[in-house]
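Engineer: Quick one: structure below, then a few questions.
Read-outs: derived from the displayed coordinates by stated rules, not from any lab. Computed from a predicted model, the values in this text were never measured in an experiment. Methodologically, a virtual Cβ is constructed for each residue, glycine included, from the backbone with ideal geometry; neighbour enumeration extends over all protein chains shown.
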Amino acid sequence: MTNHLKFINYAHDLAFKNFGKTFPNPSVGCIITKNNKIISKGVTSRTGRPHAEEIALKKAGKKASGSSMYVTLEPCFHSSQNGSCADQILRSGIKEIYISCIDPDPRTKNKSITKLKRNKLKVITGLEKNKTINLNKFFFKSLTKQKPFTKVKMAISNDEKIAWSDYKSKWISNSKSRSYVHKLRSNSQAILTTSKTIIKDNPRFTVRNKNKIIKNLNVVVVDTNLNIPLNSKVLNNLHDKRVIIFTSKKNSKSQKLIQIGCEVIQMKKENNSLNLKKLFSNLYKLKISDLFVEAGGIFFANLLKNNLVDEIHLFKAPIIIGEKGIPVIKGNNLKRIDKKLLEKISFDDNSYFKYQVK
Ligand SMILES: NC(=O)c1ccc[n+]([C@@H]2O[C@H](COP(=O)([O-])OP(=O)(O)OC[C@H]3O[C@@H](n4cnc5c(N)ncnc54)[C@H](OP(=O)(O)O)[C@@H]3O)[C@@H](O)[C@H]2O)c1
């Protein structure tokens, strides 16, 4: 492996460490080297600012002059507190820069690369480009589609049911599968669910390890008629997360929900429900770029009908629920979805399949 490849891979390892913590910004890694030795490094901070390059440059100080930078995404062109990253790089005296991927954000796209080249820096692009794209899929997709990148989680029985006919709250998947769900949750910006799933299951939608809460996740609830019970567990810890409720109602209950700290977004009913495409555009405007869906088969079918699903995360357990159980996709089955298998893992007798929806 060449040194360039080694260093850019190291920058990717750094980016990977902060993945899931920088939403709605991508996680970017940066290292600065001199005489083939790393002199400083940086990764996007949790609030998105400062950027990885700014952190690495600050740590390197005057030593940055005459050095090389390896960064996983094109440095920003739009200005921040200390000027754009492109300007900071120019001021630092860095002589060459290796950039994995061009930033799709129109405020930067190719502009920084052009500026750096015009100012006589050696700029090399494309090294391990796919690593950046794969790590920050949500960023590339949400920016181009102007709606959140959407992953649907489903735990199903062997006969493709997600719950028993009496909606009795019982786990379908085993504990190893459920731990993995918590990992998937922790790498997501928000959970998307329905008030029906909240009423039936009263989930907490937190990230937990051995029953200890590690993260209170943002929750988005689709609730046409504002049926969410005020004592739902998702309404706990509102100081530490966003709860966004989409509804057609404006009444004393919506006022109460706003008072306790929820964001309540009114939308007009269309054919007795909410227009999911418009709801997704609204979510993007509310800076939600990544969703992990945990809801039932009616909602899943509606998401698919509107082409709003990017990935399916399926956990299959060797049990039979029977004909009367709640189907994974109301009025459809999984075989008919045009999808590509990306990953398969066994969790004892459960199987996990990750699909990309085409
Ligand atoms: N196995 C799993 O992985 C898993 C995961 C989550 C949930 N579940 C189970 O799923 C069961 C519920 O499944 P379900 O299929 O009956 O219900 P669901 O899909 O969770 O929710 C259906 C409801 O969502 C609302 N909805 C759907 N599309 C909408 C739209 N476009 N606009 C507005 N509202 C819309 C409607 O209710 P309103 O009109 O009243 O708003 C609809 O009745 C629960 O028992 C839960 O345990 C299983």
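Engineer: In whole Hz, what ³J(HN,Hα) sequence does region 30-47 give by Karplus (6.51, -1.76, 1.60; θ = phi - 60°), x for Gly and Pro?
Structural biologist: These are the phi-based 3J(HN,Hα) values: 9, 10, 10, 10, 9, 6, 6, 10, 6, 9, 6, 8, x, 9, 3, 6, 4, 8 Hz.
Engineer: Fully extended, how many nm does the chain gain between LEU230 and SER248 (0.36 nm per residue separation, minus their Cα-Cα distance)? Don't skip to the answer; put the middle values down first.
Structural biologist: Working: separation 18, 0.36 × 18 = 6.48 nm, distance 1.73 nm.
That works out to 4.8 nm of additional length.
Engineer: Just to check I understand the Karplus step: with θ = phi - 60° and J = 6.51 cos²θ - 1.76 cosθ + 1.60, what whole-Hz values come out for region 171-179, glycine and proline as x?
Structural biologist: Using θ = phi - 60°, the values come out as 6, 8, 8, 7, 5, 5, 4, 5, 4 Hz.
Engineer: Antiparallel as a % of all DSSP beta bridges within region 186-310, to the nearest 5? Write down the numbers at each step before the final one.
Structural biologist: On the way: 5 of 21 bridges.
If I count the DSSP bridges inside region 186-310, around 25 percent turn out antiparallel.
Engineer: What trypsin sites (Lys or Arg not before Pro) in region 303-355 are in a loop by DSSP, with at most 15 other Cβ atoms within 10 Å of the Cβ?
Structural biologist: LYS324, LYS330
Engineer: Below 8 Å between Cα atoms, with a sequence gap of 6+, how large is the relative contact order for region 264-352 in percent? Write out the running numbers ahead of the final one.
Structural biologist: On the way: 45 pairs, mean separation 25.3, N = 89.
RCO, region 264-352: 28 percent.
Engineer: Considering only DSSP beta bridges whose two residues both sit in the chain, what percent are antiparallel, to the nearest 5? Walk me through the numbers before you get to the answer.
Structural biologist: Working: 31 of 66 bridges.
Close to 45 percent.
Engineer: How much length would be gained if the chain were fully extended between ASN202 and LYS268, taking 0.36 nm per residue of separation minus their Cα-Cα distance, in nm to one decimal?
Structural biologist: Gain in length upon complete extension: 21.1 nm.
Engineer: Using alpha-carbon pairs under 8 Å, 6+ residues apart, how would you state the relative contact order of the chain in percent?
Structural biologist: Computed over the chain, the figure is 16 percent.
Engineer: Another question about this same structure. With an 8 Å cut-off on Cα pairs and a minimum separation of 6 or more residues, tell me the relative contact order of region 172-259 in percent. Before the final figure, lay out the partial values.
Structural biologist: Numbers: 113 pairs, mean separation 23.5, N = 88.
Computed value for region 172-259: 27 percent relative contact order.
Engineer: Further question: For region 319-331, take each phi angle, set θ = phi - 60°, evaluate the Karplus expression 6.51 cos²θ - 1.76 cosθ + 1.60, and give the result in whole Hz per residue in order, putting x for glycine and proline.
Structural biologist: Those phi angles translate into 10, 10, 9, x, 3, 7, x, 7, x, 4, 10, 4, x Hz.
Engineer: Taking H as built 1.01 Å from N, whose amide H comes closer than 5 Å to the amide H of VAL220, not counting residues under 5 places away?
Structural biologist: Those lying under 5 Å, H to H, from VAL220 are ILE191, LEU192, THR193, ILE244.
Engineer: Here's something else I'd like to know. Classify region 1-123: rounded, prolate or oblate, from the alpha-carbon gyration tensor (a ≥ b ≥ c, eigenvalue square roots; a/c under 1.5 rounded; otherwise prolate if a/b is larger than b/c)?
Structural biologist: Verdict is rounded for region 1-123.
Engineer: Using label points projected 7 Å from each Cα along Cα→Cβ, tell me how many nm separate LYS330 and LYS176, to one decimal.
Structural biologist: Placing both labels 7 Å beyond Cα along the Cβ direction yields 3.5 nm.
Engineer: Please list, in chain and number order, the residues 5+ apart from VAL264 or on another chain whose amide H is under 5 Å from its amide H, with Hs placed from the backbone.
Structural biologist: Here ILE245 satisfy the definition.
Engineer: Would you work out which of LEU334, PRO50, LEU283 lies farthest towards the positive end of the dipole of the chain? Charges go on Cβ: Lys and Arg +1, Asp and Glu -1.
Structural biologist: PRO50
Engineer: Order of TRP171, TRP164 from fewest to most other C-beta atoms within 10 Å? Working shown, then result.
Structural biologist: On the way: TRP171 10, TRP164 16.
If I rank by nearby Cβ atoms, fewest first, I get TRP171, TRP164.
Engineer: Given H placed on each backbone N at 1.01 Å, which residues far from SER273 in sequence or on other chains put an amide H within less than 5 Å of it?
Structural biologist: none
Engineer: Residues in region 29-44 near a label at THR2, defined as backbone nitrogen under 17 Å from the 7 Å Cα→Cβ point?
Structural biologist: Counting only backbone N, you get 33-37.
Engineer: Between region 52-123 and region 156-177, what's the alpha-carbon centroid distance in Å?
Structural biologist: 50
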